[in-house]
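Written below as structure tokens is the structure these notes are about.
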Amino acid sequence: MCGIAGLIHRGGRSNVGMEMTSMLQALKHRGPDSTGFAVYGPPNPGDYVMRIKVAERDDVDRGHGILDRIAGRITELESRLEHSNARIKTKETVTPYALRYVINHEGETEAMAKYVEEIEGVEILSLGNGLELIKDLGDAGEVANTYNLDEFDGTHAIGHTRMATESDVDIRSAHPYWAFPYNDVSVVHNGQITNYWIMRRQMEQKGHRFMSNCDSELLAVYTAHNLTNGVTLEDSLRSSIDEIDGVFTYLVATRDQLGMAKDTMAAKPLVLYESDSLIAMASEEVAIRAILPEEIDTYDPYDEEVRVWQA
């Protein structure tokens, strides 16, 4: 029942934070548990934006000395960044459990990320030149207000409203998902992957990490693996239709592209609007009309359809 949405501006930048908030707020009835955004701003070569979680929100709400443990995690985190030759340019504590760093780093980003995530309770939500991944409990309006998303200008974005079915209601299980070693990749998904555990073991044997038990994270790991090995986004999406079992519609964003894929049964909905300057898509047309209230023509992609757009 989850809701997904994506948009990409082909003619320049726009306030994609506000636009995605409006789209996801229109879909909040499809997923009241959590909301997530992956927004893409102009990349700055050599600089990486790191969104990081140092605790679950419920842990902070319960207390019991968690703030002292968080302070220790942050101290260790910054020590490990320095040890990895990453220079912290800016630091923002958005909530007691969520931080945003801009770092300058010219080394091996995957090795740095793995070193940081060895700290108990620390999870990198996203790392990239243009990507910023924000997710939390609550509806789109609540999350956007907490993280100041109304002020985010960029070229494209994807988002998700989640109704938890099998995994927990926490930030770890919320969408979108990012996966290293490929910077700037993010995925949102509506559906269920039935060969999740088989493919997860295959990816783990190849050295990939999983931070949750949500089947949707597999799509991020699968995509990152393919892109790192020279597969184009379009070819990765097409391969997934054959290699991944289940019912799914999912969106993938990279630094300069937005793509979508539907499985062979096309049971999970997606409505698409396309013009010369803007592409917008969502689980329901009401989300597109939240940012395009004028008369527009939309269509539903077919089964096994794959599309990729360039920013």
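For region 9-45, the set of residues classified as assigned to a strand (DSSP E or B) and within 22 Å of ALA174 (Cβ to Cβ) consists of SER34, THR35, GLY36, PHE37, ALA38, VAL39, TYR40, listed by residue number.
Among the residues of region 1-13, the ones that are buried (at least 19 other Cβ atoms within 10 Å of the Cβ) and either farther than 23 Å from ALA261 by Cα or in contact with a Phe, Trp or Tyr (Cβ under 8 Å, 6 or more places away or on another chain) (or both) come to 2 in all.
Criterion first (in contact (Cβ under 8 Å) with a residue 24 or more places away in the chain, within 17 Å of ASP47 (Cβ to Cβ) and out of contact with any His (no Cβ under 7 Å at 6 or more places or on another chain)) does GLU82 satisfy it? For GLU82, the condition - in contact (Cβ under 8 Å) with a residue 24 or more places away in the chain, within 17 Å of ASP47 (Cβ to Cβ) and out of contact with any His (no Cβ under 7 Å at 6 or more places or on another chain) - is not met. Once region 292-311 is narrowed to residues that are aromatic (Phe, Trp, Tyr) and without any contact (Cβ under 8 Å) to a residue 60 or more places away in the chain, the residue that is nearest to LEU27 (Cα to Cα) is TYR299. Residues that are at pLDDT 90 or above and basic (Lys, Arg) were ranked within region 160-208; the one that is least open to solvent (accessible area, probe 1.4 Å) is ARG200. Could you list all residues from region 16-51 that are touching a helix residue (DSSP H, G or I) at 6+ places or on another chain (Cβ under 7 Å) and open to solvent by less than 10 Å² (accessible area, probe 1.4 Å)? Listed by number, the residues that qualify are GLY17, MET23, LEU24, LEU27, THR35, PHE37, VAL39. Condition check: touching a helix residue (DSSP H, G or I) at 6+ places or on another chain (Cβ under 7 Å) and of a type in the set (S, T, N, Q). Does SER84 satisfy that? Against the criterion (touching a helix residue (DSSP H, G or I) at 6+ places or on another chain (Cβ under 7 Å) and of a type in the set (S, T, N, Q)), SER84 qualifies.
A search for C-beta distances below 7 Å between a residue of region 268-291 that is under 16 Å from GLY159 (Cα atoms) and any residue that is part of a strand (DSSP E or B) and of a type in the set (Lys, Arg), counting only pairs 6+ apart in sequence or on different chains, returns LEU270/LYS262.
The values are calculated or read from the model by the stated rules, or taken from the named source; none is laboratory data. The shown structure was predicted, so the numbers you read here are calculated from the model rather than taken from an experiment. Neighbour counts are summed over all protein chains in view; Cβ atoms, including those assigned to glycine, are modelled from backbone coordinates with ideal geometry. The protein model used for the area step is the full one, side chains on, heavy atoms only, and it has no ligands, DNA or RNA in it. Shrake-Rupley method; radii C 1.70, N 1.55, O 1.52, S 1.80 Å.
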